[in-house]
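Scroll down for the structure; my scribbles are underneath it.
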Amino acid sequence: MSENKPCNECGGTSFGTGEIKGYGAVIPSHKILSNGSPLILNICTNCGLVNSLRVKYPEKFKKKQ
Ligand SMILES: [Zn+2]
């Protein structure tokens, strides 16, 4: 997963990053008491396509064995 691959929509190679916080945070569905994790967006600065979307703290979504 390279962040430098061209945009699927316009082929542009300039990307910016954004972060969704607060009400947009993703909460692990198996944890009732959790602060969740902000979402990190990789956005094509040419056409605005969101190229990738990921949580900032993926370890929060691991299920306990
Ligand atoms: Zn684009």
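The values are calculated or read from the model by the stated rules, or taken from the named source; none is laboratory data. These figures come from a predicted structure and were not determined experimentally. Backbone-built Cβ (ideal geometry, glycine too); neighbour counts: all protein chains shown.
Remarks
- Qualifying residue in region 6-16 (condition: under 15 Å from the mean Cα position of the chain (by Cα) and modelled with pLDDT of 90 or more): yes
- Region 40-65, residues that are in contact with a Lys or Arg (Cβ under 9 Å, 6 or more places away or on another chain) and within 16 Å of the ligand (Cβ to nearest atom): 41, 42, 51
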